[in-house]
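Trainee: The structure's right below; bear with me while I get my questions together.
The values are calculated or read from the model by the stated rules, or taken from the named source; none is laboratory data. Here the structure is a predicted model, which means the values were calculated and not measured. Virtual Cβ from ideal backbone geometry, glycine too; neighbours counted across all protein chains shown. We work out accessible area using only protein heavy atoms, side chains counted, and drop any ligands, DNA or RNA first. Shrake-Rupley method; radii C 1.70, N 1.55, O 1.52, S 1.80 Å.
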Amino acid sequence: MKDQILRFLAAMLDSVRDLAPIILVVAFFQLAVLQKPIPNLGELLAGTLFVVIGLTLFIRGLQMGLFPLGEALAYAFARKGSLPWLLTFAFALGFGTTVAEPALIAVAGEAAVAAAEGGVIDNDEETLESYALGLRYTVAFSVGVAILVGVLRIIRGWPIQYLIIVGYIGVIIMTMFAPPEIIGVAYDSGGVTTSTITVPLVTALGVGLASSIEGRNPMVDGFGLIAFAVLTPIIAVMAYGMLV
């Protein structure tokens, strides 16, 4: 019990070190540049403490749960030797984790409100919810396809650079034809997909799969799935904007 408490305190100290640069930057500009006292100092200190505790628990949870789970599933599917099931799992993992991303939910909601204010869609609750939900499912579907392609790349040993180059050529072409109102949302959608839920599971899947396939290097072949998860939503959301 004592050892567990000491490990937790050590992890909290690591979280404090990680957050220290942010705290110092904010404090410097508030006190030295703006020369104003920090408002609600007590609440800010309490909030910072909660952030440190939450970050510590989150990282510990990743180490105990999500990373081992992703690697174990990758090993199990590789041993099973069924490519269709592995690809189905990859798509379902990408789709499911992305739909649940809090950042994507927030961005989709804001995009719906902005579209209504810009006159792109009707400004009523049903239309706003439908637009936001459609945007979320579009991004989630594209991430599912991206993880599927990334897993297939690991299995086949395809060079990642060529796939990325082709993908960004597609992004440039789509940008030329997409409505201006959707381009910024599309580019931001690529970023919000790689958040707290998607990244740990997808990274663990890639590393675990590369480790379980003979001739694959986990460092060379195991990473790169997140790059596809960032790329494909940009194309998909611009296509969604062109259709909707």
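Trainee: Does PHE58 satisfy the condition of being touching a residue at least 40 places away in the same chain (Cβ under 8 Å) and either open to solvent by 80 Å² or more (accessible area, probe 1.4 Å) or out of contact with any helix residue (DSSP H, G or I) (no Cβ under 6 Å at 6 or more places or on another chain) (or both)?
Mentor: Against the criterion (touching a residue at least 40 places away in the same chain (Cβ under 8 Å) and either open to solvent by 80 Å² or more (accessible area, probe 1.4 Å) or out of contact with any helix residue (DSSP H, G or I) (no Cβ under 6 Å at 6 or more places or on another chain) (or both)), PHE58 qualifies.
Trainee: Scan region 1-39 for residues that are more than 30 Å from MET64 (Cβ to Cβ) and under 32 Å from the mean Cα position of the chain (by Cα) and jot them down.
Mentor: Step one: of region 1-39, the residues more than 30 Å from MET64 (Cβ to Cβ) are 24-39.
Scanning region 1-39 gives LEU24, VAL25, VAL26, ALA27, PHE28, PHE29, GLN30.
Trainee: Is it the case, given these coordinates, that GLU71 is over 17 Å from SER211 (Cβ atoms) and either open to solvent by less than 20 Å² (accessible area, probe 1.4 Å) or of a type in the set (Asp, Glu) (or both)?
Mentor: No; evaluated as a whole, the condition is false for this residue.
Trainee: For a quick check of your reading of the model, give me the residue pairs whose first member lies in region 216-234 and is under 17 Å from TRP158 (Cα atoms) and open to solvent by 30 Å² or more (accessible area, probe 1.4 Å), whose second is not in a helix (DSSP H, G or I) and not acidic (Asp, Glu), with beta-carbon atoms closer than 6 Å and at least 6 apart or on different chains.
Mentor: From residues that are under 17 Å from TRP158 (Cα atoms) and open to solvent by 30 Å² or more (accessible area, probe 1.4 Å), the pairs are ILE226/THR194.
Trainee: Please list, ordered by first then second residue, the pairs with beta carbon atoms under 7 Å, 6 or more apart or interchain, first in region 175-189 and closer than 21 Å to ALA227 by Cβ and modelled with pLDDT under 85, second of a type outside the set (A, V, I, L, M, F, W, C) and in a helix (DSSP H, G or I).
Mentor: Close Cβ pairs satisfying both conditions: SER189/PRO233.
Trainee: Now for a separate question. Is there a residue in region 25-45 that is of a type in the set (Phe, Trp, Tyr), in a helix (DSSP H, G or I) and either open to solvent by 100 Å² or more (accessible area, probe 1.4 Å) or modelled with pLDDT of 80 or more (or both)?
Mentor: Yes, region 25-45 has at least one match.
Trainee: Could you say which residue among GLY144, GLY134, GLY109, GLY150 is assigned to a helix (DSSP H, G or I), surrounded by fewer than 19 Cβ atoms within 10 Å (Cβ to Cβ) and in contact (Cβ under 8 Å) with a residue 24 or more places away in the chain?
Mentor: GLY134
Trainee: While we're here: Considering only region 122-165, state which residues are within 23 Å of ILE213 (Cα to Cα) and more than 18 Å from the chain's Cα centre (by Cα).
Mentor: Within region 122-165, LEU152, ARG153, ILE154, ILE155, ARG156, GLY157, TRP158, PRO159, ILE160, GLN161, TYR162, LEU163 qualify.
Trainee: When TYR168 is evaluated against the numbered criteria (1) more than 30 Å from LEU57 (Cα to Cα); (2) under 15 Å from the mean Cα position of the chain (by Cα), which criterion, by number, is the only one it fails?
Mentor: Answer for TYR168: the failing condition is (2).
Trainee: Let me ask another. When you go through PHE50, PHE29, PHE77 one by one, which is the residue that is of a type outside the set (Asp, Glu) and within 30 Å of GLY222 (Cβ to Cβ)?
Mentor: It is PHE77.
Trainee: Under 8 Å between Cβ atoms, which residue pairs at least 6 apart in sequence (or on different chains) link something in region 83-94 that is within 15 Å of VAL139 (Cβ to Cβ) with a partner that is buried (at least 19 other Cβ atoms within 10 Å of the Cβ) and among the hydroxyl-bearing types (Ser, Thr, Tyr)?
Mentor: GLY94/THR198
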